[in-house]
Structures are given as C-alpha cells and as structure tokens.
Amino acid sequence: MSTNAKDMPRREGAFEREPARRVFAAELRECRYQFKDGEDEKSPTFVLLPSGERSNRIFIVGTLTEKTRQGEQNIFYRGRVVDPTGTFFIMAGSYQPEAMQQLAKIETPAFVAVIGKPSLYQKPDGAWLVSVRVESITVVDKETRDLWVLDAAKHTLDRVDAYTKEPTPDILKAKEQYPTIDPSLFRKIAWDALAQIKM
Amino acid sequence: MDYSEAANRISRKFAQSGQTPDVKKIEGKLKRLVDEFGVQPSEAERSVTSELAKEFNLPVPGAGSAPGGGGKGGGTEEKKIAESVPGEWVTLEGKIVALSAPASPSIAQSGIIADDSGAIRFVVWAKSNAPAMAEGSWYRIESAVVDEFKGVANLKVHSGTTIKEITEDRSLIPTPAPIRDLHPGIGSVRAKVIQEWDASHERMLQSGLLGDETGTIKFVMWKEPGKERLVPGAVYNLFYTQVDEFNGRLSLNLNTATILQEEGEIAVSGGEATITGAMVHIAPGSGIIKRCPVEGCNRALSRQNYCPVHEIQPKFIYDLRIKGWLDDGEKTHNVLVQREVVESLTGITLAQAQEIAENNPLGMDEVFLQMRDKVLGRYITCSGREIDNRLLVNKCEIVKFSSADHTALLNRAGGVPS
C-alpha cells in the first residue's frame, strides 16, 4: 500500500568497463563455450577461456598478415593476426565503422594492436571458429609486440596457477566445459612464445 | 459487490483524526472506480483514502503499513533519530542544527534536526500551520512521518504533528565519521581541503575535494548570505553536512553544515595511484580542444564554440587532453591526461596541434587521429591522483621492454629448451 512498492531498485554502482583479457591464439582457438551474464538483451556475452576465465573483450598484438574486403552492400573486412602461438581471425563490419576504416588503411604485413570482442561460430561443416570483432586496430612497433608477449605470458601463467588452486565458479565451469583440456598445456605454450623473443 | 465494509474502514481511519467523512459518498466513489473503471478493489480503496487525506489535509493514514491492517494509525513511538526508519510515524526530541531556505512555497521550513544518536533532514509543510522553529533550540515533535526522498530519510511535519519547544541545555557534538564510511543522509566529517575547483555554476560559491585518512570526497557550497569559502589546505570539522549520492558517487553539500576550522593537520590518504597497462580506447573529446575563456569557467566548448554556460565564445583558448581507458588485463581504468603529459607522450606540442587544427582539412579531427595512432594499443605507465574512479594523469611513460622481466617469465613458465 505504501508508495515504496514502486520504488526503483537502487541503481548499481558506476559503470565498469569490461577489461581486455590477454590470451594467446593457441588458447583462444580452443574455446567452445560462450554465455550471457544476465537475462537482459544488453547483458554482456562472454567466451569462457579453457584456463577458467571469462572474456568479453581481448587485447592482442601480432602481425597482420592478410586482410580481405568482402560483401557488396554491406562491406566488411576480415583479417588474420598472427602471434607466436597461432592465428587470430579478426573482422570489422559496418557496425564498427571506425575499426573498419582503420583496418582498411593498414598495409600488410604490419604489427598491429587489436582491441576486440571474441565470439564463437560453428561453420556448416561443424568446425568451430573463434572470431574477434574489432573495436579498434592500430599499427604499433615490434617493442609493443614483445611487451604483449610478456603480458600475455604473464596472464596465461596467472590463470594456469589459479586453475590448480581454489576454484572460482568460472574455473569449475571450464573444468566442466573442457574436460579434455589440461591447462598446463598453456604453460608450455607460454614458454614457447617467450622463447621466440630474441634476447 | 458490497463496498460498505471498505467504506466504513476508510471512514474509521479518518474518524481518529476527528474528521467525519460521508460513508455513502465513499461507497459511491469506490463503486465507480471498481465498476466503471475496472480498478482493483484494493487500489480503489487506496486512491479514495488518499483523496480524502488530501481533502482533510492529512497524511495518508496507514502509509507504510499493510493494507487492511489500519486502525493503528497515529500510533507513534518515541525514538532516537538514528533508529527512525522510512515509513514510520515517530515522536522525537532534538535540536534544530540547521535551517535552509525552503525549496518551494508549499514548504514552510526545512533543515536538520539532531539528537545524540544522529541527525535527519526535516520538512515542515506550509499547510501544517506548525509554529516556526528556531535554529539552536530543542523541540519535541510528536507524530511526524519519516519517509524517503531521493534515497535519503526525511522527517515530514504535517498538520497532525504537534511541536513543542522544550528546555534542554545539552550541547550536541557529533562524532565525525571517516570519509570512507559516509552514506547518503546527514554526516559529520573532519577533513582537509585538498583541492579547490573552478565553480561550474554561477550560483556555486565553491567546490572541491576534501580528504581525511580514509579517502576523499567532493564538496560543494552554494551561494547564500553568510557563507564563506573554505581555505585550501586548512582542516575543518564539518558537522551535519548533507551527503548526496549521484550515479553511485557521494558528495557533500556544506550549506547546512556547521563549519569549524581547526589547527590540526591530516595526512590525507591515497588519491595517488600508478597504473601500468595498455591504452585500449581513446574517447571522443581527446586531442585538441577549445576552452571557455571566461574567468573561472574553463569548460570545453562544442565545435561551434558554444559554452553550456557562457554561450558562443569566439575567443576560446586551445588545450590538449586525452581521455581514455588504460587496461591492465584485470581492470580498466579511466584516465584523463593533461596537456604537458599529452605533449611528451605524443610528441605533438600545443602549438603544433593548433597549426594542424587550423590548416588541415580535417581540422581538430586530424589531431585526434594522429594522437590516437601514437597512443592506442601502447603499454603506458600513468601516475596521478585518482578521483571518482578517474586517474588525473600528471606523469606518463611508455613502457620499455625489460629483458629481466623476460627472463623471469621464462623461468616461471619453467622447462628448458628442448
């Protein structure tokens, strides 16, 4: 009966931007599980990394080796960004006009820093593809690429270490979704990536 | 359907306040709402009750209590201010510690009343015909209502409330709370003025930042006779300030506060932060901007040289800034980089940026693009003061590759070359 009934629920704290996770191509390509956090249409979508962390956004630095323009009416660009462990598939369409213009201008090959959102697709032949929708892409130097390899290795090792310790809900989910993947594999991958940087 | 029971129930609620509403009329109104307008019976009862309450200039009886549970109306308990909860009728004794200018003609008086347990804002409705209360005096307020306005508890004095001046000679000294523990309502703090900001509104006397050992908080004081600006660097006891919340952030409105300067010193904590991460976004409004030249304004102008307060300003002043997000892989930090730091980070000076803005066909956009291409995706260490979740950067460095870090990570990853 009181007017309190129609009181709006208290707004949650200030907006928090989703952090950009650091992940090697070799780990990202193993992803098979994505989920929405919340019921809302605008709730963020996350791809679950096999090492047990959710990612709504990733930051990668690698070599843009190839880019292709596709589509007639709706132009979009696809590209391949290579890191020491494998290949990221990136795309930018008319919903990311700024990213598309940036990508269109870059001559391959070049070191690029990419901020984007990963998502999972299943191809008609049943194969899975993890593609990164670009939010922005810029040409960087080799030092930034090397710094990224260190950064990605550090975060990969942090995740692998956390995986074996007290499990978070996301780690439990990863164990359930990726029963055949042993994250200690990613420790080896991180080592290989680091070893490719010349001292 | 029979409405007489509901009509009698409503009429009894008002009989307690000495009013005699026409039961037949109530019944007719209920019938009309339910039969003609398809209103739920409980909703019809509520709306007829509140209509009558307005007519008799009374608060809605039974507000906050369950429907049908009426009959208790007016039962008020004597309480300490800190114990009063929105939705309750209360009787309390307290001292008027602040009076503020009524915000509307329907309000006779507003201010803050305090006892030794705490303080609460109050509003006296003009319709209540209550006697005017004087600042510094003690009163016993019987049968007032506590409700919630903008998330803050508020004591409402209406025509059913009785106010009696009482003789009390206790001095009330509130205990200051650490800034970290403040919550919306009324609060007292002991804090140092660590920053003074340019007034963003002509009615604003002063705004800035207060700090104590536990954190910092924004404050504002509006122009009013008798108000004096705080001295930057000085320490104050601020009793009974109004703690407001906006977008999850707290700020202090000092207009109601009792302000006492003191000699002490406070080691203001925190604020200073250093973050290393990758710059993952450069926001619009970065690059070269135009600022309003009016003294004390300094707002960023729109493309048409329009200041939200001082309108068109053709004699603007150029400035550089970068607004962006610095991401360490776990958390993204909002950063605001100031001019000198932008110059050293991008290698573009204000003079060069101005030359580009005035001569390049893309104008100011060209400066944005050039700066974006130099900073986006780079690893940067930023230091500065963190305010409201935003780092105001006064020092910045591009991260260099460290072979020591490289070796340490190789060792951590373990294994030997195979």
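Every read-out reported here was derived from the displayed coordinates using simple, explicitly stated rules and does not represent laboratory data. Predicted model only: the values in this text are computed from it and were never measured. Cβ atoms come from the backbone with ideal geometry, glycine included; neighbour counts cover every protein chain shown.
So, with +1 on the Cβ of K and R and -1 on the Cβ of D and E, and no other charges, what is the size of the charge dipole of region B:77-166 about its Cα centre, to the nearest 20 debye?
Value, rounded to 20: 300 debye.
Once you have the alpha carbon radius of gyration of chain A, what is it after dividing by 2.2 N^0.38 Å, with N set to its residue count?
Details: Rg = 18.9 Å, N = 199, 2.2 N^0.38 = 16.4 Å.
That works out to 1.15 for chain A.
With 10 angstrom as the radius, rank A:PHE76, A:PHE111 by how many other C-beta atoms surround their C-beta, starting from the fewest. Please list the in-between numbers first.
Numbers: A:PHE76 17, A:PHE111 20.
Ranked by crowding around the Cβ, least crowded first: A:PHE76, A:PHE111.
What percent of all Cα-Cα pairs in region A:143-199 falls in each 10 Å bin, counting up from 0?
23, 45, 24, 8
Can you tell me the equivalent ellipsoid semi-axes for chain B? Use √(5λ) from the Cα gyration tensor, largest first, whole Å.
Values: eigenvalues 612, 153, 120 Å².
The equivalent ellipsoid of chain B has semi-axes of 55, 28, 24 Å.
Return a single number: how many Lys pairs in region B:4-55, at a sequence separation of 8 or more or on separate chains, have alpha-carbon atoms below 16 angstrom apart. It would help to have the intermediate numbers written out before the result.
Details: B:LYS13/B:LYS24; B:LYS13/B:LYS25; B:LYS13/B:LYS54; B:LYS25/B:LYS54; B:LYS29/B:LYS54.
Taking the Cα cut-off of 16 Å, the pair count is 5.
If we count other beta carbons within 10 Å of each Cβ, what is the order of A:TRP191, B:TRP138, fewest first?
B:TRP138, A:TRP191
Applying the Karplus parametrisation 6.51 cos²θ - 1.76 cosθ + 1.60 with θ = phi - 60° to the phi angles of region A:23-39, what ³J(HN,Hα) value in whole Hz is obtained for each residue in order, glycine and proline being reported as x?
Whole-Hz 3J(HN,Hα) from phi for region A:23-39: 8, 6, 4, 5, 7, 4, 6, 7, 5, 9, 9, 10, 8, 9, 9, x, 8.
Charges on Cβ only, +1 for Lys and Arg, -1 for Asp and Glu, centred on the Cα centroid of the protein assembly as shown; of B:SER188, B:GLY329, A:GLN196, which one is farthest towards the dipole's positive end?
A:GLN196
When you look at the Cβ of every residue in A:30-43, what mean number of other chain Cβ atoms sits within 10 Å? Could the numbers behind the result be given before it?
Numbers: counts 0, 0, 0, 0, 0, 0, 0, 0, 0, 0, 0, 0, 0, 0.
Mean shielding count: 0.
Enter the mean number of other protein chain beta carbons within 10 Å of the beta carbon of each residue in B:322-329, as an integer.
4
Pick out, in residue order, every one of the GluC sites (Glu not before Pro) in region B:327-407 that is DSSP loop and has at most 14 other C-beta atoms within 10 Å; say none if there are none. Write down the numbers at each step before the final one.
Working: sites: B:GLU330, B:GLU340, B:GLU343, B:GLU355, B:GLU358, B:GLU366, B:GLU386, B:GLU397; in loops: B:GLU330.
Here the GluC sites (Glu not before Pro) that fit, given the DSSP loop and packing criteria, are B:GLU330.
For the protein assembly as shown, report the translational diffusion coefficient in µm²/s to the nearest whole number, using Stokes-Einstein at 20 °C, 1.002 mPa s, and a Kirkwood Rh over Cα pairs. Please list the in-between numbers first.
Values: Rh = 29.6 Å.
Value of D from the Cα-based Kirkwood radius: 72 µm²/s.
Search the structure for amide H atoms under 5 Å from the amide H of B:ILE186, placed 1.01 Å from N in the peptide plane, and list their residues when 5 or more places away or on another chain.
B:VAL243
Using a 10 Å cut-off on Cβ to Cβ distances, tally the other chain neighbours for every residue of B:404-414 and report the average as a whole number.
Taking all residues of B:404-414 together, the mean is 6.
Among B:THR161, B:PHE316, A:GLY116, flag the residue with its Cα farthest along the positive direction of the charge dipole of the protein assembly as shown, charges on Cβ as +1 for Lys/Arg and -1 for Asp/Glu.
Among B:THR161, B:PHE316, A:GLY116, the one farthest towards the positive end of the dipole of the protein assembly as shown is A:GLY116.
Any idea what Rg and Dmax come out to for region B:128-196 if you just take the C-alpha atoms, in Å?
Both quantities, over Cα of region B:128-196: 16.1, 46 Å.
From the phi of every residue in region B:119-124, what ³J(HN,Hα) in whole Hz does the Karplus formula 6.51 cos²θ - 1.76 cosθ + 1.60 yield, where θ is phi - 60° and glycine or proline is x?
Ordered by residue, 3J(HN,Hα) equals 9, 8, 6, 10, 9, 10 Hz.
Round to a whole angstrom and tell me the spacing of the C-alpha centers of region B:225-272 and region B:339-418.
35 Å
Can you give me the long-range amide H partners of B:ASN394? Hydrogens built in the peptide plane at 1.01 Å from N, cutoff under 5 Å, separation of 5 or more residues or another chain.
B:SER383, B:GLY384, B:ARG385
Would you work out which of B:ALA257, B:LEU210, B:TYR306 lies farthest towards the positive end of the dipole of the protein assembly as shown, given +1 charges on the beta-carbon of Lys and Arg and -1 on that of Asp and Glu, about the Cα centre?
B:TYR306
Sorted from fewest to most neighbouring beta carbons within 10 Å, what does the list B:ARG190, A:ARG80 look like? It would help to have the intermediate numbers written out before the result.
Values: B:ARG190 21, A:ARG80 17.
Ranking B:ARG190, A:ARG80 by Cβ neighbours within 10 Å, fewest first, gives A:ARG80, B:ARG190.
Sort by residue number and report every cysteine in the protein assembly as shown with no other cysteine beta carbon within a distance under 4.7 Å.
For the protein assembly as shown, the answer is A:CYS31, B:CYS382, B:CYS396, because their Cβ atoms have no other cysteine Cβ under 4.7 Å.
Give the distance, in whole Å, between the Cα centre of region A:95-147 and the Cα centre of region B:111-182.
Distance between centres, Cα-based: 61 Å.
For B:GLU168, list long-range residues whose amide hydrogen, built 1.01 Å from N in the peptide plane, is under 5 Å from its own amide hydrogen.
B:TRP138
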